[in-house]
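*Asks:* Shown below is the structure under consideration.
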Amino acid sequence: MSVIIETSVGSITVDLFTDERPNCSKNFLKLCKIKYYNFSLFHSVQSNLVAQTGDPTGTGKGGESVFAVLYGEQARYFDMEAAPRIKHKQSGLVSMVNNGDGKHGSQFFITLGENLDYLDNVHSVFGEVVEGLDVLKKINEVYCDEDHRPYRDIRIYHTIILDDPFDDPPGLQIPDRSPEPTKEMLSSDRIGADEEIDDTKGRTEEEIKEMLEEKEEKANAQILEMVGDLPAADVAPDDNVLFVCKLNPVTTGEDLEMIFSRFGKINSCDVIKDQKTGESLQYAFIEFESTASCENAYFKMDNVLIDDRRIHVDFSQSVSKLRKSGKLDKFDDKKGDIPSKYVLKDQSRKSHGYDLVFENDDDDKSSSKQHKKGKKNKKKDTHSDSDSDREKKRHKKKNKHKEKAKQRKRSRSRSRSRSHSADGDRYRKNKRDRSGSPQRNYSSKYGENDRRDNYRNDKRDRERRRSRDRDYRR
């Protein structure tokens with residue numbers, strides 16, 4: 001009740017659930033017996049999910065059950081087995097693929113993840129992998145495209161039945177040996193399972209080094225194209241242009257042209273200078289009329305002493321000459337001839353509040369000068385405005401102080417008038433009391449002691465008011 005599946009990445013041993021899934025197990029065993037799965041592709045591998053195979057066409061749309069081999073096209077599929085329920089709870093479970101309406105054919109998959117509950121009651125689990133879990137790990141880590149098809153083919157080479165409890169049905173033709181694969185079975189648009197992908201095999205160290213340098217150059221060219229320094233990755237500078245660096249600042253283009261002219265005719269010799277200062281940047285480009293002259297100068301002039309400096313010579317890697325000459329018009333993306341392969345996600349530039357000033361544009365110069373004059377006038381106005389504002393603030397402060405002083409004087413005068421009126425009222429009341437008026441008769445109502453206490457209290461109140469008035473006057 002076990003089957004060994006030999007694949008291009010290793011062997012897998014599967015134990016079948018013959019008691020729980022008799023039809024699925026019988027179908028799988030008999031298909032293995034007639035070598036139906038030989039050279040079938042793992043046409044879909046989803047990482048940490050499933051690895052699907054069992055379709056001889058390799059498309060995921062074909063395949064039929066063993067009953068179709070016995071009874072014809074009407075028995076191409078058989079009903080799925082849902083009882084007893086077996087869940088897809090672990091990796092390494094083998095399950096038949098549901099072809100629609102609860103039908104199974106020949107396709108099956110092996111789970112590469114755990115707790116795949118959404119596959120329950122849709123596909124029938126009929127076995128599990130007991131040996132070869134490392135092979136499943138390799139399958140899980142293969143590189144696939146958007147359709148989950150591996151870039152390198154993974155095939156079933158052979159199936160070996162260790163134990164078969166089911167009798168062979170009549171009419172089942174079992175081959176004596178595994179049949180040879182046809183070209184159609186092995187044809188693929190991907191890397192073959194047995195195909196060698198080692199590019200360095202059979203090459204010398206120098207050839208391997210050259211191959212790696214070419215790959216590095218292509219990668220650098222693609223990066224320059226993405227950045228925008230090159231219009232296209234396959235563009236190359238002319239072979240007749242020589243790059244010279246480590247020059248002495250006093251060395252001029254005429255000096256270089258005189259020195260390098262012995263190798264052949266020179267079309268141009270340009271020492272690159274700083275645009276603002278006009279000083280030499282200590283490197284130059286020399287364009288020869290012929291490529292042979294350029295190569296001869298490259299071999300003869302490297303590390304030569306010129307004006308007390310040992311120069312370095314190499315072939316030019318710049319395409320600025322080609323841009324100026326118009327040879328790169330066919331690569332210009334602005335004309336729309338060749339659409340750009342790479343697009344930046346965020347092409348908007350954040351403004352930092354600075355205006356751009358172009359030295360070659362006269363209009364921009366005049367506008368910038370006017371703008372500067374306007375700024376100066378604004379600054380003057382702001383200075384004048386600031387002086388006047390300061391004087392106003394000073395006047396306001398003085399007025400505030402004067403108003404506060406006036407308010408203090410008013411409050412003092414009011415308090416004095418109130419204190420004088422209160423003292424007069426009390427004096428009149430005391431006078432009436434002494435004269436024996438009925439309003440305040442201390443002797444008759446309170447007695448002699450009470451009258452003395454009231455007199456003392458009145459005296460204390462008068463002294464307090466006087467001291468308060470003195471404080472206000474101060």
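*Asks:* For segment 240-262, enumerate the residues that are open to solvent by 20 Å² or more (accessible area, probe 1.4 Å) and either in a loop (DSSP other than H, G, I, E, B) or touching a helix residue (DSSP H, G or I) at 6+ places or on another chain (Cβ under 7 Å) (or both).
*Replies:* Just the residues of segment 240-262 that are open to solvent by 20 Å² or more (accessible area, probe 1.4 Å), to begin with: 240, 243, 245-246, 248-250, 252, 254-255, 257-259, 261-262.
Of everything in segment 240-262, those that are open to solvent by 20 Å² or more (accessible area, probe 1.4 Å) and either in a loop (DSSP other than H, G, I, E, B) or touching a helix residue (DSSP H, G or I) at 6+ places or on another chain (Cβ under 7 Å) (or both) turn out to be N240, K246, N248, P249, V250, T252.
*Asks:* When residues of segment 137-157 are filtered for being crowded, with 19+ Cβ neighbours inside 10 Å and assigned to a helix (DSSP H, G or I), how many remain?
*Replies:* 1
*Asks:* When you look at G54, is it surrounded by 23 or more Cβ atoms within 10 Å (Cβ to Cβ), touching a Leu at 6+ places or on another chain (Cβ under 9 Å) and within 24 Å of D189 (Cα to Cα), yes or no? Write out each step before concluding.
*Replies:* On the way: surrounded by 23 or more Cβ atoms within 10 Å (Cβ to Cβ): yes; touching a Leu at 6+ places or on another chain (Cβ under 9 Å): yes; within 24 Å of D189 (Cα to Cα): yes.
The answer is yes for G54.
*Asks:* Residues that are surrounded by fewer than 17 Cβ atoms within 10 Å (Cβ to Cβ) and either more than 38 Å from the chain's Cα centre (by Cα) or at pLDDT 90 or above (or both): which strands (runs of 3 or more DSSP E) entirely in segment 63-132 hold 2 or more of them?
*Replies:* Of the strands (runs of 3 or more DSSP E) lying wholly inside segment 63-132, those with at least 2 residues that are surrounded by fewer than 17 Cβ atoms within 10 Å (Cβ to Cβ) and either more than 38 Å from the chain's Cα centre (by Cα) or at pLDDT 90 or above (or both) span 124-131.
*Asks:* State whether the residues of segment 183-194 include one that is touching a Pro at 6+ places or on another chain (Cβ under 8 Å), in contact (Cβ under 8 Å) with a residue 24 or more places away in the chain and not charged (D, E, K, R).
*Replies:* Yes, segment 183-194 contains at least one residue that is touching a Pro at 6+ places or on another chain (Cβ under 8 Å), in contact (Cβ under 8 Å) with a residue 24 or more places away in the chain and not charged (D, E, K, R).
*Asks:* Go through segment 167-215 residue by residue and tally those that are modelled with pLDDT of 85 or more, among the aliphatic types (A, V, I, L, M) and part of a helix (DSSP H, G or I).
*Replies:* Residues that pass the stated criteria total 3.
*Asks:* Say whether the condition of being farther than 30 Å from P22 by Cα and surrounded by 11 or more Cβ atoms within 10 Å (Cβ to Cβ) is met by at least one residue in segment 174-184.
*Replies:* Yes - at least one qualifying residue is present in segment 174-184.
*Asks:* Also, I was wondering about something else. Consider segment 23-42. How many of its residues are open to solvent by less than 10 Å² (accessible area, probe 1.4 Å) and not in a loop (DSSP other than H, G, I, E, B)?
*Replies:* Counting residues in segment 23-42 that are open to solvent by less than 10 Å² (accessible area, probe 1.4 Å) and not in a loop (DSSP other than H, G, I, E, B) gives 9.
*Asks:* Another one. What tally of residues in segment 134-190 results from selecting those that are acidic (D, E) and over 29 Å from D15 (Cβ atoms)?
*Replies:* Selection size over segment 134-190: 6.
*Asks:* Follow-up question, since we're still on this one. Restrict the check to segment 164-171 and report whether at least one residue is touching a strand residue (DSSP E or B) at 6+ places or on another chain (Cβ under 7 Å) and in contact (Cβ under 8 Å) with a residue 12 or more places away in the chain.
*Replies:* no
The values are calculated or read from the model by the stated rules, or taken from the named source; none is laboratory data. The shown structure was predicted, so the numbers you read here are calculated from the model rather than taken from an experiment. As a convention, Cβ positions derive from the backbone with ideal geometry for all residues, glycine included, and neighbour counts pool all protein chains shown. In case anyone asks, the SASA skips ligands and DNA or RNA and just uses the protein heavy atoms, side chains included. Shrake-Rupley method; radii C 1.70, N 1.55, O 1.52, S 1.80 Å.
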